[in-house]
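The block underneath contains the structure these notes are about, expressed in structure tokens.
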Amino acid sequence: MSSEIYLTSDTHYCHENILKFTDTNGNLIRGSRFSSVDEMNECMFDNWNETIKPGDTVYHLGDVAFGNFTKDQKFIDTFRSLPGDKVLIVGNHDTILWTVKENLFDDIQMWKKLKDQKMLLTHVPIHQSCLLKYPDGSQMINVHGHIHQNPSPTKNHRCVCVEWTDYTPIHIDNVIQLNNYKTRMKNV
């Protein structure tokens, strides 16, 4: 069985208030799609289960859960049972000690360079001047989260927040096709 690489970010499992967040026009972002946090959680769990196979690697680029999740045994058990090797790239809302204690991830890192794909995985988009230029003229792509529905800062950035990937982990080969530095994609 071959191993595939997937990415996701800013799932915010268990985050009740995220359903009230709006864009700059006042439109609900997640609340227009989900009527409850349980519905949102179930959608993302189902999408993960339908997409990820045992042996695949999922890089979660931070902000896994928010709110009262540390006491939510259903969330903990369900997240642990998700297939794939899970690597956390730490986000600003992640509780590292609790995450380690609950054994939710196979590895936890602050950032990760994927040399073969010329990608740098971070939670927050980094400044373009920090992205390597290669001898062949290409430039490293910063794959990030943190900004939810907002567009990435440059053509050398790709946001894999769930709002951009239909609440589903995205295969690494499809990340470059994300055009979210200019306009939001209608379908991924």
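Any read-out appearing in this document is the output of simple, stated calculations on the displayed coordinates, not a laboratory observation. Keep in mind the model is a prediction, meaning the values are calculated, not measured. Virtual Cβ from ideal backbone geometry, glycine too; neighbours counted across all protein chains shown.
Things worth noting here:
- Here the 3J(HN,Hα) profile of the stretch 61-75, calculated from phi with Karplus coefficients 6.51, -1.76 and 1.60 at θ = phi - 60°, is 8, x, 6, 5, 9, 8, x, 8, 5, 5, 10, 9, 4, 4, 4 Hz, Gly and Pro shown as x.
- Leading residue at positive end of dipole, the stretch 5-175 (Cβ point charges), from Trp48, Thr78, Gln128: Gln128
- For peptides 76-89, 146-159, sequence by mean Cβ density within 10 Å, most packed first: 146-159, 76-89
- For the stretch 5-175, DSSP calls about 25 percent of its internal beta bridges antiparallel.
- For a label point 7 Å along the Cα-to-beta-carbon line of Thr24, residues of the stretch 128-152 with backbone N under 18 Å: 146-152
- Distant-in-sequence amide contacts of Tyr181, defined by a placed amide H-H separation under 5 Å and a gap of 5 or more residues or a different chain, comprise Ser152.
- Extension gain, Asp77 to Ile108, is 9.3 nm, computed as 0.36 nm per intervening residue step minus the present C-alpha separation.
- Averaging the sequence gap over all C-alpha pairs within less than 8 Å and six or more residues apart, then dividing by the number of residues, gives the chain a relative contact order of 23 percent.
- The calculated Kirkwood hydrodynamic radius for the chain is 16.8 Å, given to one decimal from all distinct C-alpha pairs.
- Derived scalar couplings between HN and Hα for the stretch 135-149 equal x, 7, x, 7, 10, 4, 9, 8, 8, 9, x, 6, 9, 6, 7 Hz in order, rounded to whole Hz, by the Karplus curve 6.51 cos²θ - 1.76 cosθ + 1.60 (θ = phi - 60°), x for Gly and Pro.
- With 32 Å as the limit on Cα-Cα distance, the pairs of Lys53/Lys101; Lys20/Lys118; Lys53/Lys118; Lys101/Lys133 that go past it are Lys20/Lys118; Lys101/Lys133.
- Residues in the stretch 152-165 carry Karplus couplings, in order, of 5, x, 8, 5, 9, 10, 9, 9, 10, 4, 4, 5, 8, 10 Hz; the curve used is 6.51 cos²θ - 1.76 cosθ + 1.60 with θ = phi - 60°, and Gly or Pro positions show x.
- Highest mean first, the peptides 127-134, 25-32, 66-73 sorted by other C-beta atoms within 10 Å per residue fall in the order 66-73, 25-32, 127-134.
- Ordering Trp164, Trp98, Trp48 by the number of other Cβ atoms within 10 Å of each residue's own Cβ, fewest first, gives Trp98, Trp48, Trp164.
- Under a 5 Å amide H cut-off, with hydrogens placed 1.01 Å from N, Ile108 pairs with Leu88 among residues at least 5 apart or on other chains.
- In the stretch 109-163, the convex hull through the Cα atoms has an average projected area of 4.0 nm², a quarter of its surface area.
- Charges were assigned to the Cβ only: +1 to each Lys and Arg, -1 to each Asp and Glu. The resulting dipole of the chain about its Cα centre is roughly 700 debye.
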